[in-house]
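Worksheet: the structure to be examined is printed underneath.
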Amino acid sequence: MENIGETTITEVIKEAAADVQKKDTGKRIQLIIFKLGSEEYALPIDQIKEVVLTPRIAKMPQTPVYIKGVANIRGSIIAILDLEQKFGIEKQEKNNSGATSHYTLVVESDTYKVGVLVKEVPNTLTINVIEIDRASNFIQYSSLDESCIQGVVKSGERLIILVDMIRLMEAENINSTVAKALIN
Amino acid sequence: MGKEQEYIEIFLAEAQESHEKLNLLFTELERDNTSRKAIDAIFRITHTLKGNAMGMGFSEIAEMSHVMEDVFNEVKNGKLVLDAELFSSLFRANDILGELIEAITSAKQVKYKGIKTKLEVVLRNHRQNITSEAAQEGLETIETVKSDDPVIVQENHNSTGGELVLALEDLEETQLSKVTISDTVQVPVRKLDALLNIVGELIIEKDSLIAKYTEIGHKASEFARLHRIASDLQYGVMDVRLVQIGFLFNKFHRVLRDVASIENKKVDLILEGTEIEIDRNVLRIMSDSLVHMVRNSVSHGIEKPAKRLEKGKPEHGKVVLRGRNEKDTIYIEIEDDGAGIDTAVIKRKALEKKIISEEYAKVITNDEILLLIFEPGFSNAEEVTEVSGRGVGMDVVKRATESIGGKVEIFTTIGKGTRFVLTLPSSMAVKGALLFELDKQEFAIPLTYTEAVVSLRKKDLHKYGKGLVTSYLGKSISLVFLKDLFALPNLASIGLEGALHKSYDDLPAEAKLDVVIVSYAERFMGIVVDKLLQQKEIVEKNLNNPVDKNDLFCGATILGNGNVCLVLDIVAVLRTFYMEKMRRQNVAA
């Protein structure tokens, strides 16, 4: 019995090791990590075109509050979003929103190009795709706009929220279309 | 350059390109004679070329590409195998095709029947093989084919298809293939757009550079050369995008004929100013609208022949399509000598359709009545006809025109006819704009919509209902503080109590106000801004998702200082205000 127990334990250890290895060889993606409020958020690096110093933003009346306006980034005029406001994150220590968001992440896909305000220079992190916890229950209970969260990445002590920009933009599109329909 | 010549030039450019492509594809196919992609492409190209050539009346090219198409149809279906011999024939055929295309301009005689027949023979032989038909029948077919070709007539009687092919080969080997390069380059509009965008940025950079250097004491004249080169470049690129308006106008002969025959009317189309040049994109956007308007002119404007005679007019009605330009503005006029627009009828219709209220109908002016035909859902025709549709026409015309910063006007005299005037920018890239400041930020209003700039005092303004009024040239016009408008959550909420009085109430009595009088389609309005800046040429860019649905702005531009300047959508603002006015009157009624 003892013997059997021992082998089982070794097997388990082996299996675990194999598992770790599998994880290592799994598909890896690089994320751009940025802070919103006190939490860390991430976007896949291939969606980020560049990080620039936030240019002067032209305010645009009659748009949702989290759209800060439009700015000139390398000759193209793009909308600048404040995801802290979009997600309803309280600005605790900051009293002036515009002055502290020094950097803008330029996020680009086939259908849109927007700027996302961030306070600090974002850094990168390489993770395994399997590390992304997609179907997590806690998202539903959070105050965040759940439709825009792709999943949560656990990396050691850190817990990083992966933002789904495409869905965020689509949701925005629908909202404004509905709003427009209501007006008419 | 004549229109015919222009079409030929386009055909030539296309045909030459097809020819080059075929050469490439044949070479590719020779390397790998099973390449599905190449076979399909050749089939498609020859087919298109055949169609185009037939349309232009170049029967030789049509015949040649037709037989090549046939060969490739067989190849495509996997029935005919491409071997070295067939390839050499095909290359030869393509060379001849190239010569034929060239012969359009050089008027040179090209012998093409030989190679054409050769391919036909290959086809026949091949078909014979698969259908296993009697040799005799096959021979007959060959004979019929050959009889129209004098070159090979004597070989006709005693040789089989195979020998014939050889004989023909000798005959044609004497001609050498040549490389031709077309004199025109086809450029996708997308590339031109990109180029124009870059030029736009150059202009912005130039302005910002000049602005910076003049600040530190340099003279603007030091940059005259840069200025001139940049603007030459800009106009050069814009010029490439221009097409003659006649290009579009010529298509209307057919449109008019069709409508006239359905409506049993006799109408002549007269084209004027076909040589005026206009940006291709402007023309593309306006083409559907023009079709609508020409149809309308015939359907609603021109009377039936009997009625015309009765009125002492010539039996044939007249529709004039006229292009003219004034500086950077293009006017397209659609004029008919028909019945004119009866405002009484329009008014009655608008009332029936509840587009206007009874109250409003009492005070409405004739000019305002005419504008009603641009309202969505309005169709003036007594009954809906096959041609004029269901009132989708004129509001679409108006929207298309506005979308590119133009406007539509109507001039009509009962019994004499109607004239629609479309005022369009010659280019969509650059437009004049008036810049102003509000809340330390720059905004622009397109000059097309600015009527005047005036300075007013608070005492010139009066509260009127929920809004404000002032007088301009003896007329009372609505006035709005842009600040108040911007403070609203959306344009639809301008009806909110007191929203438009806020800035007025806060204003000290002696304050002086900068007011821009804007107008569109006989509707005037004053817009109060913080500070007027300057008049400037701007390169307007579209707003992208997620801010493209904003009602207040139609675009944005980048200023010399690198700042983004939003362009106010005057048409939308005016429309909202007047909708509100109509609604109020409806409620009152």
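Any read-out appearing in this document is the output of simple, stated calculations on the displayed coordinates, not a laboratory observation. Just so it is clear, the model here is predicted, and its values are computed rather than measured. Cβ placement follows ideal geometry from the backbone for every residue including glycine, while neighbour counts extend to all protein chains displayed.
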Which cross-chain or sequence-distant (5 or more) residues have an amide H under 5 Å from the amide H of B:Glu540, H modelled 1.01 Å from N in plane? B:Lys431
Pop out the ³J(HN,Hα) list for the range B:478-484 in order, Karplus 6.51 cos²θ - 1.76 cosθ + 1.60 with θ = phi - 60°, rounded to Hz; leave Gly and Pro as x. 6, 9, 9, 7, 4, 4, 5
Could I have the simple spin-label model distance between B:Ala344 and A:Asp110, label points 7 Å from Cα toward Cβ, reported in nm to one decimal? 6.0
Counting other beta carbons within 10 Å of each residue's own, what order do B:Asp239, B:Asp70 fall into, fewest first? B:Asp239, B:Asp70
Built amide H within the under 5 Å cut-off of A:Ile149, gap 5+: A:Asp164
Chain lengthening between B:Ala499 and B:Glu437 when straightened (0.36 nm per residue, less Cα-Cα): 20.2 nm
Surface/4 of the Cα convex hull for the range B:430-588, nm²: 9.8
Inverting the mean 1/r over all pairs of different Cα atoms, compute the Kirkwood radius of the range B:186-318 and quote it in Å. 18.7
Return the distance in nm (one decimal) between the two label points of a simple spin-label model at B:Arg257 and B:Asp367, each offset 7 Å from Cα along Cα→Cβ. 4.1
Ratio Rg/Rh, restricted to the range B:189-240 and using Cα atoms, in which Rh is the Kirkwood radius: 1.08
Let me know the mean shielding of B:562-574 by other chains, meaning the per-residue number of their Cβ atoms within 10 Å of its Cβ. 3
To the nearest 0.05, the calculated FRET efficiency linking A:Leu159 and B:Asn73 through their beta-carbon distance, R0 being 60 Å, is 0.40
For the range B:269-275, Karplus couplings with θ = phi - 60° (6.51, -1.76, 1.60), whole Hz, Gly/Pro x: 9, 10, 9, 10, x, 5, 8
Plugging the Cβ-Cβ distance of B:Lys512 and B:Glu205 into 1/(1 + (r/R0)^6) at R0 = 45 Å yields, to the nearest 0.05, a FRET efficiency of 0.80
Output the pairs from B:Lys347/B:Lys459; A:Lys49/B:Lys531; B:Lys431/B:Lys466; B:Lys398/B:Lys512; B:Lys431/B:Lys531; B:Lys353/B:Lys398 with a Cα-Cα distance over 26 Å in this structure; if there are none, say none. B:Lys347/B:Lys459; A:Lys49/B:Lys531; B:Lys431/B:Lys466; B:Lys398/B:Lys512
Can you tell me the FRET efficiency between B:Met579 and B:Thr48 if r is taken as the Cβ-Cβ distance and R0 is 45 Å, rounded to the nearest 0.05? 0.40
Looking only at the range B:200-216, which residues have a backbone nitrogen under 20 Å from a spot 7 Å from the Cα of B:Val240 in the C-beta direction? B:200-206
Would you mind ranking B:Glu510, B:Glu402, B:Glu28 by Cβ crowding within 10 Å, fewest neighbours first? B:Glu510, B:Glu28, B:Glu402
Of the peptides B:330-339, B:444-453, how do they stack up when ordered by the mean number of other Cβ atoms within 10 Å, highest first? B:330-339, B:444-453
If amide H atoms are built 1.01 Å from N in the plane of the peptide, which residues on other chains or at least 5 residues away come under 5 Å of the amide H of B:Ala339? B:Ile302, B:Glu303
Number of partner chain Cβ atoms within 10 Å, mean per residue of A:74-80: 6
Using the Karplus curve 6.51 cos²θ - 1.76 cosθ + 1.60 with θ = phi - 60°, what ³J(HN,Hα) values do you get for each residue of the range A:66-74, in whole Hz, with x for Gly and Pro? 6, 7, 6, x, 10, 9, 8, 10, 6
Provide, as a two-decimal number, the C-alpha radius of gyration of the range B:425-466 over 2.2 N^0.38 Å, N being how many residues it has. 1.62
Separation between the B:Asp548 and B:Glu17 pseudo-spin-labels, each 7 Å from Cα along Cα→Cβ, expressed in nm? 2.6
